[in-house]
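Since every read-out is calculated from the coordinates, none of them should be taken as a lab result. Treat the numbers as computed from the prediction; the structure is a model and nothing was measured. Glycine gets a Cβ as well: all are built from the backbone with ideal geometry, and neighbour counts include every protein chain shown.
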Amino acid sequence: MSALGAVEELILFGCENVTDVSALGTVKRLYLGGCREVRDVSALGAVQELDLTGCPNVTDVSTLGGVEDLKLAYCTGVTDVSALGTVKRLVLVGCPNVTNVSALGGVEHLDLTFCTGVTDFSAVPQAIRSDGTV
């Protein structure tokens with residue numbers, strides 16, 4: 001068991017000095033929005049609900065395919081989302097460097113609002129797109 005014991009939900013919104021989140025992988029619902037110094041999220045693949053909104057230094061999300069509800073809004077460092085095809089709910093609002101979403105056809109709810117780098121939505125007809133259409 002981790003040092004956090006049986007903590008199911010942890011909210012650390014706006015914690016500017018948080019950098020190491022490796023001990024948080026056993027938390028079920030983890031909210032790290034605005035934790036701008038977080039970089040390595042590789043230990044968080046078993047979290048059920050993960051909010052990384054506004055974490056621009058996160059770049060590698062390849063281990064997060066097991067997360068059910070994943071918010072990567074304004075994670076401007078994210079470019080490759082090919083490993084996230086099994087996420088049920090995925091929010092990529094304001095991720096301009098994401099260009100290829102062809103692997104996300106299995107995502108039930110996909111929000112690509114302001115993902116200006118995506119030009120081909122044919123593989124993700126369920127997506128909410130930059131222009132607000134579905």
Problem - Point-charge dipole on Cβ atoms (K/R +1, D/E -1) for the chain, about Cα centre, debye to 20 - result: 100
Handout entry: GluC sites (Glu not before Pro) restricted to the range 49-134 and DSSP loop, no more than 12 other C-beta within 10 Å
Key = E108
Fill in the blank from the handout: Surrounding charge for L12, neighbours by C-beta under 13 angstrom, Lys/Arg +1, Asp/Glu -1, total -3
Exercise for the section: Report which label in [x] 40, 22, 12; [y] 25, 15, 12; [z] 50, 21, 12 holds the value of semi-axes √(5λ) of the Cα gyration tensor in Å derived from the coordinates of this structure. Expected result: [y]
Exercise for the section: On a C-alpha basis, how far is the centre of the range 64-97 from the centre of the range 1-59 in Å? Whole number, if you could? Expected result: 15
